[in-house]
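The values are calculated or read from the model by the stated rules, or taken from the named source; none is laboratory data. For clarity, every value in this text was computed on a predicted model and none was experimentally measured. When we count neighbours, we look across all protein chains shown, and the Cβ atoms used for this are built from the backbone with ideal geometry, even at glycine. To get the accessible areas, we keep the full protein, side chains included, count just its heavy atoms, and leave off ligands, DNA and RNA. Shrake-Rupley method; radii C 1.70, N 1.55, O 1.52, S 1.80 Å.
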Amino acid sequence: MTSSTSADSTRDRIVTAARAEFARYGIAGARITRIAKAAKTSSERLYAYFRSKEELYRFIAEQEMAAVAEATRLDPADLPEYAGRVHDYFIRHPDRFRLMSWGRLEFAGDAADAATQETVRRKVEQLRKAQEAGHLDPAWEPIDILVFVNQLAMAWAGQIDLVDAAADQVRDPSLAARRTAVVAAVQRLFPTANQPADGTD
């Protein structure tokens, strides 16, 4: 094994261990010593790759944002199904939802990092062009559309147990029903292109 391959392997182990640590404990609660131990390396070696815990988190968060974007694929002409894909992604990956949530909580008030800013700008531009093409109501601000759709899509991530708490008052407590509700809510707000707001033909 070459030194370069070994270095890449060490770095990959650090990132994998840190991803699990941040998802479980958040940024403030995460410990470099635990990450290094799980990665089978030393704290000193970890700091050779990442100068701080915050830098390590931001690196991982950037990876996660790219993974979410690839898995969900924003389609401005069909926001209901986009919301369904976002819902599915975070229901399947609750650890990733927790990891991203910790960042929003602990970096609240800080300027968004460059990767986040670029992602938001790109999606807002997609939505703006969809409005110009007549696929979305131009009365909405594109940034509002993006935030509202994402919040609806993630509404059940991390709290699906609430359905169990009120199971006797829910017509259909299944996870599929929750997805259907998410898609229907987004459909009412931002109908699929060429479809009326109530989803009827």
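Kindly indicate whether A18 is small (G, A, S), in contact with a Ser or Thr (Cβ under 8 Å, 6 or more places away or on another chain), buried (at least 18 other Cβ atoms within 10 Å of the Cβ) and at pLDDT 95 or above. No.
In this structure, does L46 turn out to be under 30 Å from A184 (Cα atoms) and hydrophobic (A, V, I, L, M, F, W, C)?
Details: under 30 Å from A184 (Cα atoms): no; hydrophobic (A, V, I, L, M, F, W, C): yes.
So L46 fails the test.
Note on segment 21-34: among residues that are at pLDDT 95 or above and among the β-branched types (V, I, T), the one that is surrounded by the most Cβ atoms within 10 Å (Cβ to Cβ) is I32. Residues of segment 159-174 that are surrounded by 14 or more Cβ atoms within 10 Å (Cβ to Cβ) and modelled with pLDDT of 80 or more: V170, P173.
Reported count of residues in segment 35-51, each being open to solvent by 60 Å² or more (accessible area, probe 1.4 Å), within 13 Å of T16 (Cβ to Cβ) and of a type in the set (A, V, I, L, M, F, W, C), is 1. Of the residues Y89, Y25, Y47, the single one that is of a type in the set (F, W, Y) and in contact with a Ser or Thr (Cβ under 7 Å, 6 or more places away or on another chain) is Y89.
Based on what the data block shows, is Q151 within 20 Å of G84 (Cα to Cα) and in a helix (DSSP H, G or I)?
Numbers: within 20 Å of G84 (Cα to Cα): yes; in a helix (DSSP H, G or I): yes.
Here the answer is yes, as Q151 does meet what is asked.
Of the residues making up segment 118-152, those that are out of contact with any Leu (no Cβ under 9 Å at 6 or more places or on another chain) and open to solvent by less than 50 Å² (accessible area, probe 1.4 Å) are T119, Q131, N150. Return yes or no: is V183 modelled with pLDDT under 95, open to solvent by less than 40 Å² (accessible area, probe 1.4 Å) and out of contact with any Leu (no Cβ under 6 Å at 6 or more places or on another chain)? Considered against the rule, which asks whether it is modelled with pLDDT under 95, open to solvent by less than 40 Å² (accessible area, probe 1.4 Å) and out of contact with any Leu (no Cβ under 6 Å at 6 or more places or on another chain), V183 comes out as no.
Filtering segment 69-81 to residues that are within 18 Å of V182 (Cα to Cα), assigned to a helix (DSSP H, G or I) and open to solvent by less than 30 Å² (accessible area, probe 1.4 Å) leaves T72, L79, P80.
If a residue must be open to solvent by less than 40 Å² (accessible area, probe 1.4 Å) and of a type in the set (K, R), how many such residues does segment 54-66 contain?
Our first condition is that a residue be open to solvent by less than 40 Å² (accessible area, probe 1.4 Å); within segment 54-66, this holds for 56-57, 60-61, 64.
Still in the list and also of a type in the set (K, R): none.
Adding up the residues that qualify gives 0.
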